[in-house]
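What follows is a single structure, written as structure tokens, with notes after it.
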Amino acid sequence: MPVLAVGLSHHQVASDDLTQFAACVEQASASLRASHGVSGLIMLSTCNRCELYIDAENFHQTVRLTRDLLTKAGAGDLVGVMDVYGLRNAVQHLFEVSCGLDSMVVGESEIAGQVRSSLQAYSEQAGPALHRLFRMALGTSKSIANATALGAMGRSVASVALDLVETRHGHLAGRRALLVGTGAYAGVVTADLIRRGAQVFVYSSSGRATAFAQTHPVNPVGDDRLPDALALAQVLVACSGRGRRANRITARQVSDARAASVGPLPVVDLALARDVSPELAMTPGIDLIDLDVVGEHAPTDHVESLHRARELIDEAVDDYLRTERARLADPAILAVRAYVNQIVAHEIDSVTAHGSSDEAAAVRRSLRRVANAVLHQPTVRAAAAAQDGDLGEFTSALERVFGIEVDQ
């Protein structure tokens, strides 16, 4: 299994470093995908990780190339601390990520959707091997959600952040919440805010607030009403994920808008690239809760469910690798089938040339049944040999006994 994975997550670096690393990975990926020996590539970027999954012929050579390309793209010292997974470890890591076991909030509900979106986004670049790997990871995630309490925890980065707001500042029921952003994640945050009883107002620097309000129970806020919305807000939640400095909510904007406001304002920034200025952390009356703060307060319970989930992942990884190893037998199986089918076709042609059409049809059916029976055991044996690591001996036997040449 030639797959490898490289990347960074919340385990090693803060969110600002992840933002820089993600930009470098995106820049390097095009050159990497075009490199000799690379058959597929998928970039997985979420609010707490950025990883690159690569289908490559040579593990060490590809790792060196990836490091060089990331360094050239400006990743700097981040290259030295990134994780590198190969073969079974790469498969197991993706399965753990897809199931939420490696998330900032263990068991988070959004990660499977993010993995699916990455597969869709890189569909043309992924190649068959990574398609199979990601589909198996998503299937395992669904199985674990159904088989353990992990799927019923209902946790997400957003829910942990809003729990922290309520712990520090009281319940959100009846309060005005200003949401910045109208993307897919904004819908998740909106649902959580409404479940808590908040009155939600939505602002988007791209002008999509009105369209978002048509499909969600929220009130749109235009550019001209943003200062008033900031002044009246009792919680500010930013999750556009656009990461453009020019579109950030600044400390000056908030201070000017809230000059006459009374009471602290909790500000939740759920964007990896930051939707609000980090200076808000030092602004009087502002309690900034960003991804790094969420990570410090993420719960770590449900030990029994986690243990069972890891058992199921181990089983799924074993099944996946057995299936992939069996695929190595395909050239040998095709060679045997071609050899037998050539003999059968010759006999059918001979009968067709010298017998009646009814005789030819009967012989054709009989020889096909015989061929299928003859090919059954070699097919099964080839797959078993591949799974056990003995495919080389099996292939050599075919070449010696039948004179069959197997394409490697």
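The values are calculated or read from the model by the stated rules, or taken from the named source; none is laboratory data. Keep in mind it's a predicted model, so treat the numbers as computed, not measured. Ideal geometry is used to build each Cβ from the backbone, glycine not excepted, and the neighbour counts take in all protein chains shown. Calculation scope for accessible area: heavy atoms of the full protein, side chains included, ligands and nucleic acids excluded. Shrake-Rupley method; radii C 1.70, N 1.55, O 1.52, S 1.80 Å.
Among the residues making up region 188-212, those that are open to solvent by less than 20 Å² (accessible area, probe 1.4 Å) and either touching a residue at least 60 places away in the same chain (Cβ under 8 Å) or of a type in the set (Gly, Ala, Ser) (or both) are VAL189, ALA198, SER204, ALA209. Looking only at region 276-311, which residues are at pLDDT below 85 and either under 19 Å from GLY263 (Cα atoms) or exposed (fewer than 13 other Cβ atoms within 10 Å of the Cβ) (or both)? Those that are at pLDDT below 85 and either under 19 Å from GLY263 (Cα atoms) or exposed (fewer than 13 other Cβ atoms within 10 Å of the Cβ) (or both): GLU296, PRO299, THR300, ASP301, VAL303, GLU304, HIS307.
Output the strands (runs of 3 or more DSSP E) that fall wholly within region 1-81 and possess 1 or more residues being open to solvent by less than 20 Å² (accessible area, probe 1.4 Å) and under 14 Å from TYR122 (Cα atoms), or say none.
38-46, 49-56
Within region 82-116, if we keep just the residues that are of a type in the set (D, E, K, R) and not in a loop (DSSP other than H, G, I, E, B), the residue that is nearest to THR140 (Cα to Cα) turns out to be GLU96.
Based on what the data block shows, is VAL235 hydrophobic (A, V, I, L, M, F, W, C) and at pLDDT 90 or above? Yes, satisfied. Regarding LEU119, is this residue in contact with a helix residue (DSSP H, G or I) (Cβ under 6 Å, 6 or more places away or on another chain), open to solvent by 10 Å² or more (accessible area, probe 1.4 Å) and in a helix (DSSP H, G or I)? Yes.
Within region 268-282, restricting attention to residues that are touching an Asp or Glu at 6+ places or on another chain (Cβ under 7 Å) and assigned to a strand (DSSP E or B), the residue that is nearest to ALA14 (Cα to Cα) is ASP269.
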